Every structure is written in structure tokens, then in C-alpha cells.
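Laboratory data are not the source of any read-out in this text; all were calculated from the coordinates shown. Please read all numbers here as calculations on a predicted model, not as lab measurements. Cβ: placed from backbone, ideal geometry, glycine included. Neighbour counts: every protein chain shown.
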Amino acid sequence: MADSSFDIVSKVDRQEVDNALNQAAKELSQRFDFKNTGAGITWNGELSVEIVAGTEERASAALDVFRDKLVKRQISLKSFKADDPRVSGKEYKIAGSFQAGLSTENAKKIAKLIRDEGPKGVKTQVQGDELRVSAKSRDALQEVIALVKEQDLDFAVQFVNYR
């Protein structure tokens, strides 16, 4: 019988993020406390967004609205990094970006955790920006998933290609 395996990745669902962004933009255009503040949120590249508002407080509040929408769409806030508000002419801007891909150092950190604390007979292999975990028993893989989920990692992880 062949080994069972799954991949540990760190990525965001672009469509879900787009839905959250559209919901946040709609709320910013309709809410009373954002009227006439010039508050808005737009895509600024493939995985980055830009929040614009008339004051620093409104820009921060718009960021909170966007984060709230991300949470409601089950997107981990660990994958989203936002800068501090900066002045650009008469308005304030906040740039934010989504981290996609598991860095080699983070993959090695997870592999070491699995080696040290995981069940015996589990093999890990770094493959580009993901980590392949394989074992003879599916129960061992379930233990690895539970082990990784209970860790407080500073990046978001998902488990895909379970077979």
C-alpha cells in the first residue's frame, strides 16, 4: 500500500479576498460615519490592497472594517499585513498585502516541529512553497494536522491534497 500524504501550504483564496474587499467597499460607501470622508478600498496589484481616507482615524477605521470582512470570510488575519497610515497629499493611505506561499524557513520550522513532536514514521519534504507530509497510516497524518493546528504560528497554514 502506498503512503498517504497531504501538503501544508500558506495561501489565500483570491476570490474570497475579493468578496471581502467588495463588501468592505460597499459598507464604506453606505455607512453614515464614512460619509464625505473620501474613504475607499481598492486592489493595488495581485495580492495587495490600498485604503484611502481623509483622516488617519477614518483610514484606520476602514482597515478595521476590511479586517472584519476578512474574518467573516474565514481568511486568517495572519496572512494579511498592513502598514501604518501615511500622508499622501490631502489624504491618508494604508497599504496592505497578503502573504502567499510558505517560505523555506517556515517550512523547515514546521518540518522540525513534526520531527520532534509528531508521530514516528512521518516524513516531510519541502517542495517549493509547500511542505509535503507523508506516512503509512492516515491516523498519523491526522495527528500531524492536529499538532500543527494547535501551534501558535505567526503565519497562516492550510492543509490540501489529502490522499
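Here are a few things to note about the model shown:
- The chain, helix-only ellipticity at 222 nm - DSSP H runs n ≥ 4, -39,500 (n - 2.57), divided by all residues, nearest 500: -12500 deg cm²/dmol
- Greater than 19 Å apart at Cα, pairs in Lys11/Lys72; Lys109/Lys136; Lys11/Lys108; Lys35/Lys93; Lys11/Lys149; Lys108/Lys149: Lys109/Lys136
- In nm, spacing of pseudo-spin labels at Glu105 and Asp18 (7 Å Cα→C-beta vector): 3.3 nm
- Cα gyration tensor category, rounded, prolate or oblate, for the chain with a/c compared to 1.5: prolate
- Packing-based ranking of 84-90, 125-131 yields 125-131, 84-90, ordered from highest to lowest mean Cβ neighbour count within 10 Å.
- Mean separation of Cα pairs under 8 Å and 6 or more residues apart, divided by the residue count, gives the chain a relative contact order of 33 percent.
- For region 95-129, the set of trypsin sites (Lys or Arg not before Pro) satisfying both a DSSP loop assignment and a count of at most 11 other C-beta atoms within 10 Å is given as Lys120.
- Linear extension gain, Lys81 paired with Gln125, 0.36 nm per residue minus alpha-carbon span: 13.1 nm
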